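The structure appears right after this line, and notes come after that.
The values are calculated or read from the model by the stated rules, or taken from the named source; none is laboratory data. These numbers were taken from a predicted model, which means no experiment stands behind them. Using ideal geometry, Cβ is built from the backbone for each residue, glycine included, and neighbour counts are taken over all protein chains shown.
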Amino acid sequence: MRRMRPDELKRIPLDRLKGVGNKRAGMFAGLGIYSCYDLLFHFPRAYEDWTVKTIEEAVPGSVCAVKGTVSAPLKKNMVRRGLTIYKGSVFDGTGKMNISLFNTAYAAASLRQGEEFVFYGRIEGHPRSKSMSSPKFMPSASAPPIRPLYPAGQGLTQTVISGAVKDLLSRVDVIDDPLPEEMRVRLSLCPLDEAVRTVHGPESGEKLDRAVRRLTFEELFCMQLGLLSLRKRERAPTGKAVGRCDMSRFFASLPFKPTKAQMRAMREAAADMMKNVPMNRLLQGDVGSGKTVVAAGLMYFAWKSGFQSVMMVPTEILAEQHCATLKKLLSPLGMTVELLTSSVRGAEREELLERVANGVTSVLVGTHAVIGDRVEFYNVGLAVTDEQHRFGVRQRRKLTEKGGPAHTLVMSATPIPRTLALIIYGDLDISVLDELPPGRREIRTYCVGSGARERVNGFIEKHIRAGRQVYVVCPAIDDGSEDSAVLRHKRLTERFPGARVGLLHGKMKPADKEKTMRMFAEGKTDVLVSTTVIEVGVDVPSATLMIVEEAEKFGLSQLHQLRGRVGRSDRQSFCVLISDVKGDEAEERLKAMCSCSDGFEIAKKDLELRGPGDFFGSRQHGLPLLRIADLHSDMDILESAAEEAKKLYSSDPDLSEPEHEPLREEVNALFEQASGA
Ligand code: ADP
Ligand code: MG
């Protein structure tokens, strides 16, 4: 297949490869691999180090590769029906090692006497009698020093996948490089062809590192280029500059004094809104830091200049809560705050849409219903989204574009370290609420084993008796385990016959979910057993105890969000993490929860422990799914990619020069996939 551009490979179907027929092509499709291009960029998820050790060097207990010659044909032992063991031994110049295989007649027969193989597995036994059971093995002539492990499944084995990759690589002479040569050389990145071949069959750890670095760079570079052009579209002038105004009535009507951080955030945002280019600001503040008031102040500010505001939140409950809060704050000042969700129907909806269209409504709060086709605004000046991680870039843009481009405020409790946020969001400005309102008590957090279940129940009982409410969060809805929400709900109902125990999970109908949540919010339920559907934003001040089952199954930031559901009043709140799992990472996570209550600290720790792949959750962010780059550990590459992207962008923003065409293709492909198009 000669010299090829990566995107040309997209047009070549997989069944052109050796060993891939119709059936296997279907299996590959199941892994999301449709073309030779997809296969080429189906990178291994891990590697096994098959660097050969001598039998003498191999330490019992360690996992390693050993090269040995088969001493005699393997002996078959029928242990019982359905269990056959094949035993044999291999030797090298330094010693002998026993081998056993289970139920694998074919594999056993392939280990022919006198032939040399590399075996990979855990060394068992003791120094004078070593053995390996069920080792992986390959003829020593074809065993690589480092063996790639591909994401497999769909009936495809590692052997089939690596066979197909090998065949493909042997047919393509050179994969053309989309990166400009000058840049590649200047940054000493290896050519794409070399990088791809190395990733699929590395000769050494160093070469692999170099290849991964190059591929990481390319991916982040394309991401940055794509983000730059997205942003340009977002920044057309608005003609919606808000005029200077006197905010004293707003502050005078607040039931409390704003924190310094809230004041600062309002000032920063107001300065943006007075300009003719749209504000694009992220308001980050830990749960409970008081983001809503900041939004309310800015809505008042916009209103004084005759602009409407719209706020989009991910769920109906949140929409109702925010609407009630904003009404309380803003209607005494003469503003009309209204709610639009899919539950607002018929004549009521028509009338509301009318008021929105002719400007009677000053603030419209709602779910994604507010970006519905029939919603027309009179004059939106400010668009706010809360808990932005539930919305995609596209939805947010749609909100901003309703009624012409407006100023945008994105509120998030998911703290992203500033450097990372700047690079990912680029010129999105950030205000941080780094201060909680006064009088808040730290939530006391404990970690216990499930052996303490009865003590935990006693604690729950105490809370119910005192007229307070309890959340119990479970990792699964109903997987049959004791810790799934459905079973836990049953157990707790049995255990507390007098109490009102509710159940909430994602498989319930939206209307039922709303009802359950509302009952809890209104204090009509004592204990709410749920999955993580309660994670976002809900405010029930009399809930003062949060129990998390199988806490090790949750990420740190998620645990922090969950915990933020309690501690919403001046009463002491508690969080109990139940976990029996021992192990470095899981234990470290839970320990961090018990010792730390600062969301930013926790986010930093989370990034350290997990990397941002998980941190950012899914592709809902509208960021492309990264194949190889890790936004945390590849920070230095990210910075250099961002810088290079800016340079290239300023000289050829549309990537329209012929030599940038392959890059343009790649950037487009990356973002098509991100937006789910
Ligand atoms: P979040 O940032 O999590 O969205 P909210 O806006 O829901 O936080 O505010 C949490 C609670 O703190 C609300 O009950 C709000 O009335 C209260 N609050 C906000 N700002 C202050 C303040 N400056 N002083 C006292 N209470 C405040
Ligand atoms: Mg909030």
Any residue at all in segment 88-97 that is in contact with a Phe, Trp or Tyr (Cβ under 6 Å, 6 or more places away or on another chain) and surrounded by 13 or more Cβ atoms within 10 Å (Cβ to Cβ)?
-> no
What is the number of the single condition among (1) under 25 Å from Glu514 (Cα atoms); (2) within 16 Å of ligand 1 (Cβ to nearest atom); (3) under 33 Å from the mean Cα position of the chain (by Cα); (4) not basic (Lys, Arg) that Leu298 does not meet?
-> (1)
Note on segment 246-265: residues under 20 Å from Thr385 (Cα atoms) and either more than 16 Å from ligand 2 (Cβ to nearest atom) or charged (D, E, K, R) (or both) are Met263, Arg264
Restricting segment 102-135 to residues that are modelled with pLDDT of 90 or more, surrounded by 17 or more Cβ atoms within 10 Å (Cβ to Cβ) and of a type outside the set (Gly, Ala, Ser), the one farthest from Ala65 (Cα to Cα) turns out to be Lys130
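The rows are residues; the columns are (1) modelled with pLDDT under 85; (2) buried (at least 19 other Cβ atoms within 10 Å of the Cβ); (3) under 27 Å from the mean Cα position of the chain (by Cα).
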{"residue": "Met411", "(1), (2), (3)": "no, yes, yes"}
{"residue": "Gly426", "(1), (2), (3)": "yes, no, yes"}
{"residue": "Arg444", "(1), (2), (3)": "no, no, no"}
{"residue": "Gly451", "(1), (2), (3)": "no, no, no"}
{"residue": "Gly458", "(1), (2), (3)": "no, no, no"}
{"residue": "Glu461", "(1), (2), (3)": "no, no, no"}
{"residue": "Val472", "(1), (2), (3)": "no, yes, yes"}
Selection within segment 435-473 - over 18 Å from Val548 (Cα atoms) and away from ligand 2 (no atom under 16 Å from the Cβ) | Pro438, Gly439, Arg441, Arg465, Ala466, Gly467
Unique residue being among the aliphatic types (A, V, I, L, M) and either buried (at least 17 other Cβ atoms within 10 Å of the Cβ) or at pLDDT 90 or above (or both) when the list is Val337, Val277 | Val337
Within the bounds of segment 534-548, is there any residue that is part of a strand (DSSP E or B), within 16 Å of ligand 2 (Cβ to nearest atom), of a type in the set (A, V, I, L, M, F, W, C) and in contact (Cβ under 8 Å) with a residue 40 or more places away in the chain?
-> yes
Output the residue which, of all residues in segment 574-601 that are among the small types (Gly, Ala, Ser) and modelled with pLDDT under 85, is surrounded by the fewest Cβ atoms within 10 Å (Cβ to Cβ).
-> Gly583
Can you find even one residue in segment 233-245 that is more than 29 Å from Ser569 (Cβ to Cβ) and either in a helix (DSSP H, G or I) or at pLDDT 95 or above (or both)?
-> yes
Selected residue [within 16 Å of ligand 2 (Cβ to nearest atom), out of contact with any Cys (no Cβ under 6 Å at 6 or more places or on another chain) and either under 27 Å from Asp246 (Cβ atoms) or polar (S, T, N, Q) (or both)] from Val310, Val294, Val360 = Val294
Can Ser142 be described as closer than 30 Å to Arg3 by Cβ, without any contact (Cβ under 8 Å) to a residue 40 or more places away in the chain, surrounded by fewer than 12 Cβ atoms within 10 Å (Cβ to Cβ) and out of contact with any Cys (no Cβ under 9 Å at 6 or more places or on another chain)?
-> yes
For segment 11-31, how many residues are in a helix (DSSP H, G or I) and under 29 Å from Glu116 (Cα atoms)?
-> 0
Would you mind telling me which numbered condition in (1) crowded, with 21+ Cβ neighbours inside 10 Å; (2) of a type in the set (S, T, N, Q); (3) in a helix (DSSP H, G or I) Thr325 fails?
-> (1)
Here the residues within segment 247-286 that are in a loop (DSSP other than H, G, I, E, B) and in contact (Cβ under 8 Å) with a residue 24 or more places away in the chain are Met247, Leu254, Phe256, Pro258, Thr259, Met274, Lys275, Asn276, Val277, Pro278, Met279, Asp286
Provide a single number: the residues in segment 32-62 that are in a strand (DSSP E or B) and in contact (Cβ under 8 Å) with a residue 40 or more places away in the chain.
-> 5
Filter segment 266-291 down to residues that are of a type in the set (Asp, Glu) and out of contact with any helix residue (DSSP H, G or I) (no Cβ under 6 Å at 6 or more places or on another chain) and give me whichever is farthest from ligand 2 (Cβ to nearest atom).
-> Asp272
Give the residue that is surrounded by the fewest Cβ atoms within 10 Å (Cβ to Cβ), with candidates limited to residues of segment 510-532 that are away from ligand 2 (no atom under 16 Å from the Cβ) and of a type in the set (A, V, I, L, M, F, W, C).
-> Ala511
Can you tell me which residue among Asp49, Asp38 is under 27 Å from Lys166 (Cβ atoms), touching a strand residue (DSSP E or B) at 6+ places or on another chain (Cβ under 7 Å) and not aromatic (Phe, Trp, Tyr)?
-> Asp49
If only one of Ser342, Ser289 is at pLDDT below 95, assigned to a loop (DSSP other than H, G, I, E, B) and within 22 Å of Ser253 (Cα to Cα), which one is it?
-> Ser289
Out of the residues in segment 537-573 that are modelled with pLDDT of 85 or more and surrounded by fewer than 19 Cβ atoms within 10 Å (Cβ to Cβ), state the one that is nearest to ligand 1 (Cβ to nearest atom).
-> Pro541
Note on segment 69-100: residues of a type in the set (D, E, K, R), farther than 17 Å from Tyr120 by Cβ and either modelled with pLDDT of 90 or more or part of a strand (DSSP E or B) (or both) are Lys75, Lys76, Arg80, Lys87, Lys96
